[in-house]
Amino acid sequence: MTMYAILETNNNPSETIRSVLKNMLSEKLVDVVLVPFKTEYSSLPMPTLIADPEKMLQAQPLAPAAPFNAARQAASVLRYPTGKKVAVVLRTCEIRALIELAKLKQCVLDEAILIGFDCMGRIENDSYLEMAAQEEDITTSFYADSSMQDRITGICKACEYFQPYGADLTICLLGMPVMEKIGLMAGTEAGENIIKSLGLSTVEQPEGREVAANSLLQKRTEARDKLFSETSEKIKDIEKFQKTIANCLNCYNCRNACPVCYCKECVFLTDVFAHEPEVLQRRAAKRGAVKLPADTTMFHMTRLAHMSHACVGCGQCSSVCPSSIPVADIFRTVSAKVQELYNYVPGRDISESIPYLVFEEESSNGK
Amino acid sequence: MSDEFEPKIIALVCNWCTYTAADLAGTSRLAYSANVRIIRLMCTGMIDPKYILKALLDGADGVFIGGCHPGDCHYINGNLKAKKRISGISKIVEQFGFDPERLRLRWIGASEGPEFQRNMNEFFESIKALGSTPVRDRMIL
Amino acid sequence: MGNKIAKILVVGAGISGIRAALDFADIGYQVCVVEKSPAVGGILLQLDRQFPNNHCGMCRMLPMIDRDVCSQFCLRRGLFHDSISVHTSTEVVSIEGNPGQLKVVLSRQPRGVDSELCNFCGKCEEVCPVSVPDTFNEGLGERKAICLPVPHQTSGPYSIDWASCTKCGECEKACPTGAVKLDNEHETFDMEDVAAVIIATGTKLFNPDSVDLYGCGEFPNVVTSTAFERIISSSGPFKGSLVRPSDGREVKKVAWLQCVGSRNLMIGADYCSSACCMFAIKEALLAREKMSKDAETVIFYMDMRTFGRDFQRYRDRAEKESGVRFVRCRVHSIEPGENPDDLRLKYVDSSRKTVEEDFDMIVLSTGKEPGRKLPDYASHEGVFVADSAKGLKDISGSVIGAEVAAGRASRMLKNLGIMPADKDKDQKSAGQSKAFEERPRVQVVLCECGVISDAGSLLDGIESELEKFPGRLDIVRVKSLCRKEGWDKVKQIIRDGSANRLVFAACNKNVLGPKIKELEEDTEIFDSIVESADIYSGDERSIDSLIKDLDMAVSRLRSRRALFEHSQPVTGSALVIGGGPAGLSAALALADHKIDVFLVEKSETLGGNLKYIIDKELRQSIEEILNKVEGNPRIKIHKEAELITSSGISGNFTSKIQMKTGEQKTILHGVTILATGGTAAETDSYSMDDHERIVSLFEMEKLVNDASFSGQAVKSIVMIQCAGTREEPRNYCSRVCCIKSLNNALKIKQIHPDAEVYIFYRDIMTYGDSERIYTEARKKGIVFIPFDIDTKPEVLVESGGLLVKGIDPVLGVPVELKPDWLSLAVGVVPNFIKDLVKIFGIETTQDGFIKEADSKWRPVDTGQEGIFVCGLARAPARADEAMKEGEAAAQRALRILSKNEIIPQRLLARVRHSICSMCSLCIEVCPFNARYIDTAEGKIMVDIASCQGCGTCAAICPNSATLIVDFEDDGIMNVIEAAL
Ligand code: SF4
Ligand code: SF4
Ligand code: FES
């Protein structure tokens, strides 16, 4: 049975979470907290590592924005154990990416307290800034006014992984009158200990949660399937695909933004793709003409080959593309097939092996 | 020369078994298409997904991958690892309109020269039936 | 004498011969292999797949550390090693002189074709008018008098089979290169200063033609097991489809008859050939793969001798999962069936009914030929005989036997002060890096070929295309590369020119290969910067297609990089864990090679199971070794000590042991040998614990050998074999019980001639020469009662006495026995070593035996390079066998210990640390555990002794932070690009 606590919100759910996080710090249940944080200079919340409980005032744990996928930042704090407890407040896709990074030995989660929340999606950075110019507390209005929730990114709308997997604590918003109260659910023993230590009284999980989750799931799944079929159309043959990526500048922003592309240096920046003049000239001679930089298609397909099993669908690649190429749509669409093939859900479970590390011991000819 | 479609095939084969079988087919004068280009690798486990993508994007009509029978791999199980990886690649390229039939993985042992010939011929025919790669005559970015 | 390069002669190029030759080459000796037949590989040339896993994997015998000196391809196609010279069609005439300086006289039969000139075009074969049954295919199909004796071996040229050649001269006329010489004068030559000789001539198989019973030779569909191998081989006469020789009809029902030529006193074969049972099961399984679902495979046998560690489960799978039928009986006769091509077997089945059954085909499981003796020179001093030359051995047996022989020879040489030549530390590599420092300059050499008529215009076409290539490419034409003049010209061009890469456009690479080797010795050019493209063999091809081949060759060369230089030092000492027979013999073998050994034993005494061994001879041989070990200053013995940690890589381990006192000691060693042994198993089957007169066969052995036994009144003794073994969960044969029980039985008969001795058995496993004990036991009137796993005898303890119920095999009626003693063959189990398994990261079988790297080809290696296993820790074994395994393990260890350092080979993984993200996927996928994290440096490292360059790591590394030298990603992709 999962442990569940109800927290009053008094029309300010962010404040409620802030005080929980603050208490965790001051009660020394954790040593530091990584949480979105509004700096004095911009309204866009940036992942920030907080040690002083007083600094928690500026935290924006539930902000419907993510300037980038913060899994990388979390991983850098958790690169190896330091003997300190680190709580990280992340969106679902960020937690999933973090778990993938842990499988790739980019971080160790033993000392981490993963805090997730039911994700209602994020708003693109530029729209968020625009909105922020008009409105002081976007977060509260975002949860109070469901029409604002339609302004989330297309990829968020198509995301069926809105409930955190494997989090120690989940901030439950689904099915809750968020302006009155929200839930705090422990998914692990560590999470339970925190709820107990904070002295929160526990209750049965309210029924509304599952119902709300199912209806959201249905909506998201429909959007997802639509996205898949529209995107498939855009890439379904090499001609269409070339058109879709024709404006790619080989800036590699997409790969830099990708939380699971963990390479220190992308192979496309190494000597492997730094062709000798002989190669380029011979290529031109054989094909008549070669666009430079070369290997644009190769780049996108290789990235799929490397990471599609681990794509968490956070959509950051699309967000950063200067040429508005629907990178995320393509990734999600293709990845869905690969993940289905391997029966693999990235970030589902840290003990689940990366598909390429497990294989049948014996098999008969070919196929 | 006639205009008939002659598929261009890249065969990525492991050094220990399938390459040996190819060589045996050669010395036993077992003929197959001259448009098959054999690339010897030490093991199918060495096959990076990039190689397959490269071949397809550079205009190969078919990519044949040949390794040792399960259990025979000189490096214990490179072939099984390859199989897993290739199944993923095949799924990916399929989304972009490459018929998965253009990618074929088979186990051919060192003494199976006739098997190698048969496989080449069968693959050649099936590619021929599929027709030319969608990449041909296109500018691939 | 020390400076002279010590040469070893190995006679026979089958599994044992190759193993012994490679063993010597691995530790630095020059080796010469002579083989009577025209090809290298022995019986394996005819077998595609072998038991107990139905795979081949012979290539796993090739050197794993010094790979660069040896060709890297299928061993069935020939053996090519810088330190091994092979003479086929050659026999030893005599051996004289003293060990260390033997003189060997050899006689060679010419092949009739000059290997320098033959380019495998096969024209000779086409014109040869003489067709004879194809010997390679066991007489199935035909071949010409001039042919490739083993079609898949192109290491030698075409050969003339002088027995059938009529010397008509047609081939001589047809050969375009003038390679044929119709002269079959035997040539005798001497080999001086041979340090030692290993006889590894293998065993000849029994020819069933000589016995009418089998109808072999009379009925075309009765074939030997070797012929059956050829039938199902894809390179065989029927291209791998299972059809019968007489009419080519698909085979639907096939039978194997066991013990053909073995266990047959009438032909003087009082032995078991040991390998045929498993061989037959394997063939039946392979056949089933080829046959339709409803087809039948039946094995007729007397005892199914599945005495290897995993053999019983193999048999069970064959029976239960694959539907192979096993019938225990002696077949009375083979006659033509209804349809004269069919064969009718008459036999008595287990219910004592006479059955007639028709088959499409019958396979005779032929064993070793009886009465063959070793040549006189085999007993010459300095000559060592591998086990497989004495009797038929399975693959692992042959490998171990060869290693033992090689080890004993090298111990002798060490004693005589003869050492392998110090390998001059890679001068070559200096030249190599120079070639890579500069920008690639490719020299293309086009062969003008003296044989092909219109080569000129072809070359014009090629040349004009090559000129379009960007980058530096020099093109030159040379006349007939295959002739000395042509080749000298090439050398001249290389010496004069500035090229640092070389491409040949010529013919067959089998022709060029050896010449390129020679080039490497004469010039600065070495083989990894040479590529060739065959533009002449095969059908006529378009210029475009030839250019692609050349483009690929050029691309390959352009991407070649320098080797990286990091050798790994080797600590020249060994840790042996376990002081039983296997461990003792391993320790002594190493110490005799002047290697320091740490011998760690858990208990307070050395000897292991010696304390239970009663056989006098065996005891003596173990005690002898034990005394030598105890007296050897190189061996440090730690009794009552246990290993607590071990870390490091092959060549460099650091381990800690803890004494009973609690004192700890750190040991630095280059290799580890695990000889942790095993003990008698316990069982609760057959009411073992309910009566004091129910004892294990080990206790029985003690009892019958005790002086008091003759004073006992003994009327009847029952023995039950396979008590609690050969069925799950302990489903393996313990190998020692049958022989022990029989010996006990004989001893009882000797002391109490009137006592009745009954042995209940499933299969009597008296393999090899121990069959004699079985024969004798039957002669002495010991009663054998077979049972199956579901017709086990019943043991009851009644009113203080014992009652054993079973079924009389002859009459089929129940028998009730009231023995004075009941002995149970409880078998053996490996000692419990969970902790060690964890420390060393090695694997065990489900029964707790340590798994070898490859059960056939690398039986005493574990999956972890530098860690070896022998004796009962690996598999059930008799003490004498365990001791041999110990020697074999020592011999394997010597490959590492004989080196001061391990030199990186060309084909190796290399990590580019600056871009490595340390995701460690490579560590997880590496099949050889060659990768590890250097925690101090925070880097992924490659153990160059273990890495085989398979490239699995490179394929999983997403950003090419790991590369395989000569197979770098950019190079391969450039080759792909060139190919399209
Ligand atoms: S070169 Fe001569 S000997 Fe060699 S295969 Fe050709 S014809 Fe026969
Ligand atoms: S996986 Fe890499 S390190 Fe391991 S053996 Fe293969 S090439 Fe060497
Ligand atoms: S060596 Fe052939 S597949 Fe691995």
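What follows draws every value from the coordinates through simple rules; no lab data is involved. Values in this document were obtained by computation on a predicted structure and should not be read as measured data. Here the Cβ positions follow ideal geometry from the backbone for every residue, glycine too, while neighbour counts run over all protein chains shown.
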By Cβ neighbour count within 10 Å, fewest first, C:870, C:922 rank C:922, C:870
On a straight-distance basis, which aspartates and glutamates could pair with residue C:628 in a cross-link, Cα separation under 12 angstrom, same-chain partners fewer than 8 positions away excluded? C:592
Provide, as a two-decimal number, the C-alpha radius of gyration of region C:365-425 over 2.2 N^0.38 Å, N being how many residues it has. 1.44
Go ahead and collect, in residue order, the members of region A:77-92 whose backbone nitrogen is under 12 Å from a label point 7 Å along the Cα-Cβ direction of residue A:26. none
Limiting things to C-alpha atoms, what are the Rg and the maximum Cα-Cα separation (Dmax) for the protein assembly as shown, in angstroms? 36.3, 113
So what does the Cα-only Debye profile of chain A read at q = 0.08 Å⁻¹, as log10 I(q)/I(0), no solvent term? -0.43
Take every residue in peptide B:111-117, count the Cβ atoms of other chains within 10 Å of its Cβ, and give the average of those counts. 6
Based on DSSP, what percent of beta bridges with both residues in the protein assembly as shown are antiparallel, to the nearest 5? 45 percent
Say each of residue B:125 and residue C:484 gets a label point 7 Å from the Cα, pointing the same way as Cα to Cβ; how far apart are those two points in nm? 5.1 nm
Given R₀ = 51 Å, what would the calculated FRET efficiency be for residue A:351 paired with residue C:186, taking r from the Cβ atoms and rounding to 0.05? 0.15
With n ≥ 4 as the cut-off for DSSP H runs, can you work out [θ] at 222 nm for chain C, using -39500 (n - 2.57) per run divided by the number of residues, rounded to the nearest 500? -8000 deg cm²/dmol
In chain C, what % of DSSP beta bridges are antiparallel (nearest 5)? 50 percent
Rg/Rg_globular for region C:110-184, with Rg_globular taken as 2.2 N^0.38 Å and Rg from C-alpha atoms: 0.99
Contour minus Cα-Cα distance for residue C:540 and residue C:463 (0.36 nm per residue): 26.0 nm
Would you calculate the convex hull of the Cα atoms in region C:430-558 and tell me its volume per residue in Å³? 96 Å³
What does the structure give for C:66-79 when I average, per residue, the other chain Cβ atoms found within 10 Å of the residue Cβ? 3
Going Cα to Cα from residue C:939, which lysines come in below 20 Å? Please leave out same-chain ones fewer than 8 positions away. A:103, A:105, A:264
Contour minus end-to-end for residue C:453 and residue C:799, with contour as 0.36 nm per residue of separation and end-to-end as the Cα-Cα distance? 114.6 nm
For helix C:427-437, what angle does its Cα long axis make with the longest principal axis of chain C, in degrees from 0 to 90 and rounded to 10? 50 degrees
Work out, in µm²/s and without decimals, the Stokes-Einstein translational diffusion coefficient of region C:219-351 at 25 °C, 0.890 mPa s, Rh from Kirkwood over C-alpha pairs. 157 µm²/s
By the Kirkwood definition, with r running over pairs of different Cα atoms, region C:823-980 has a hydrodynamic radius in Å of 18.1 Å
Taking C:772, A:91 and counting other C-beta atoms within 10 Å, the order from fewest to most: C:772, A:91
Sort the following peptides by mean Cβ neighbour count (other Cβ atoms within 10 Å, averaged over residues), highest first: A:299-311, C:802-814, C:726-738. A:299-311, C:726-738, C:802-814
By average Cβ neighbour count within 10 Å, what is the ranking of C:25-38, A:27-40 from highest down? C:25-38, A:27-40
Hypothetical label at residue C:623: residues of region C:706-746 whose amide nitrogen lies under 17 Å (7 Å Cα-Cβ projection): C:706-707
Can you tell me what percent of all Cα-Cα pairs in region A:4-223 are more than 30 Å apart? 17 percent
The protein assembly as shown - charge dipole about Cα centre, Lys and Arg +1 at Cβ, Asp and Glu -1, debye rounded to 20: 1180 debye
Under-5 Å amide H pairs with residue C:113, H placed in peptide plane, nonlocal only: C:160, C:181
For the protein assembly as shown, build the charge dipole from Cβ charges (+1 Lys, Arg; -1 Asp, Glu) around the Cα centre, then report which of A:169, C:657, A:300 sits farthest towards its positive end. C:657
Could you give the nm distance between label points at residue A:19 and residue B:29, where each point is 7 Å from its Cα heading toward the beta carbon? 9.4 nm
So how long is each side of region A:21-78 along the principal axes, counting just the alpha-carbon atoms, biggest first, in Å? 30, 24, 17
Förster radius 45 Å - calculated FRET efficiency between residue A:285 and residue C:567 (Cβ-Cβ, nearest 0.05): 0.55
Could you rank the peptides B:17-25, C:345-353 by their average count of other C-beta atoms within 10 Å per residue, with the highest value first? B:17-25, C:345-353
Beta bridge orientation in region C:270-408: antiparallel %, DSSP, nearest 5: 75 percent
Subtracting the Cα-Cα distance of residue C:166 and residue C:521 from 0.36 nm times their residue separation yields 123.7 nm
Given R₀ = 51 Å, FRET efficiency for residue C:204-residue A:196 by Cβ-Cβ distance, to 0.05? 0.05
Which residues does the label zone of residue A:135 cover in region A:59-103, counting backbone N under 13 Å from a point 7 Å along Cα→Cβ? A:63-65
Past the 12 angstrom mark, what percentage of all C-alpha to C-alpha distances in region C:908-964 do you count? 58 percent
Just the projected area, averaged over all directions, of the convex hull on the alpha carbon atoms of region A:237-357: how many nm²? 8.6 nm²
For peptide A:298-309, the mean count of other chain Cβ atoms within 10 Å per residue Cβ is 6
How large is Rg over Rh for region C:589-708, taking Rg from the Cα atoms and Rh as the Kirkwood inverse mean of 1/r across Cα pairs? 1.08
Round to a whole angstrom and tell me the spacing of the C-alpha centers of region C:1-79 and region A:158-207. 67 Å
If you average the sequence gap of Cα pairs under 8 Å that are 6 or more apart and divide by the length of chain C, what percent do you get for the contact order? 12 percent
Using only alpha carbon positions, build the gyration tensor of region B:70-118, then give the equivalent ellipsoid semi-axes as the square roots of 5 times its eigenvalues, largest first, whole angstrom. 24, 16, 4
For chain C, build the charge dipole from Cβ charges (+1 Lys, Arg; -1 Asp, Glu) around the Cα centre, then report which of C:591, C:38, C:956 sits farthest towards its positive end. C:591
Region B:9-138: Cα Rg divided by the 2.2 N^0.38 Å rule of thumb: 0.99
Kindly provide log₁₀ I(q)/I(0) values, in the same order as q = 0.13, 0.16 Å⁻¹, from the Debye equation applied to equal alpha-carbon scatterers of region C:680-829. -0.53, -0.83
Per residue, what volume in Å³ does the Cα convex hull of chain C take up? 189 Å³
How many nm is it between the label spots at residue A:237 and residue B:132, if each spot is 7 Å from the Cα in line with the beta carbon? 1.3 nm
